[in-house]
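Quick notes on the structure that follows.
The values are calculated or read from the model by the stated rules, or taken from the named source; none is laboratory data. Bear in mind the structure is a predicted one, so any value in this text is a computation, not a measurement. Glycine also receives a Cβ, built like all others from the backbone with ideal geometry; neighbour counts cover every protein chain displayed.
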Amino acid sequence: MHQLLLMRHAKSLWDDPKLSDHARPLNARGRASAIAMRRALRELGLLPDLVLVSSARRTLQTLEALGPWDRTPSVEPMDALYLASSGAMLDVLHDVTETVRSVLVLGHNPGMHELAMTLVGAQGFSRPGTGDRAMLTELTEGYPTGALCEFAVSTSWSALGEGSGRLQHFLTPRDLPDPFA
């Protein structure tokens with residue numbers, strides 16, 4: 001059994017029109033949300049062996065805020081994950097070595113949301129053991145910045161595809177205690 005964690009970068013800054021999209025940093029709320037997600041990851045015992053992260057500044061800063069890790073995962077920044085489609089993310093995941101138990105993909109929408117919905121699959125709402133119905137419903141409504149899905153995957157990484165993930169958790173920063181309170 002494999003574990004797949006899909007996380008969208010935290011909220012980023014849009015104030016500097018001179019910056020390219022790739023170079024946009026996190027804003028203060030995004031940094032605080034990423035730190036709150038770090039605590040949630042620890043509480044749930046979610047520790048990836050491998051992190052595949054978009055090369056964009058905001059995804060790298062989100063990853064930085066998730067650390068330090070109890071056990072440092074291998075980290076691979078990838079240009080291929082910058083604004084990647086769900087299909088492109090699947091292609092990257094298909095190349096993961098089978099000995100890797102847990103992978104965190106840190107990327108962007110709309111591809112992240114599309115990949116999560118693909119993994120749930122068309123039958124995901126009626127198949128037993130695919131996750132709490134309220135959680136699935138919330139996932140269909142969107143994938144906000146800083147959101148994280150945990151999937152249990154019983155296939156090989158190379159066979160990962162539609163309907164091959166069982167949703168375990170869907171967390172958003174708004175589900176967590178407000179770090180600004």
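Brief remarks on what is shown
- Of the helices (runs of 4 or more DSSP H) that lie entirely inside the range 57-122, those containing 2 or more residues that are of a type in the set (S, T, N, Q), at pLDDT 95 or above and touching a strand residue (DSSP E or B) at 6+ places or on another chain (Cβ under 8 Å) span 57-66.
- Taking the range 45-55 as the range and being closer than 17 Å to Thr72 by Cα and either surrounded by fewer than 22 Cβ atoms within 10 Å (Cβ to Cβ) or in contact with a helix residue (DSSP H, G or I) (Cβ under 7 Å, 6 or more places away or on another chain) (or both) as the test, the residues that pass are Gly45, Leu46, Leu47, Asp49, Leu50, Val51, Leu52, Val53.
- Considering the range 34-56, and only residues there that are assigned to a helix (DSSP H, G or I) and of a type in the set (D, E, K, R), the residue that is farthest from Leu106 (Cα to Cα) turns out to be Glu43.
- For the range 139-174, filtered to residues that are part of a strand (DSSP E or B) and of a type outside the set (A, V, I, L, M, F, W, C), the residue that is surrounded by the most Cβ atoms within 10 Å (Cβ to Cβ) is Gly165.
- Note on the range 15-44: residues that are buried (at least 21 other Cβ atoms within 10 Å of the Cβ) and polar (S, T, N, Q) amount to 1.
- Failed item, numbered, when Trp14 is tested on (1) in a helix (DSSP H, G or I); (2) more than 24 Å from Leu139 (Cβ to Cβ): (1)
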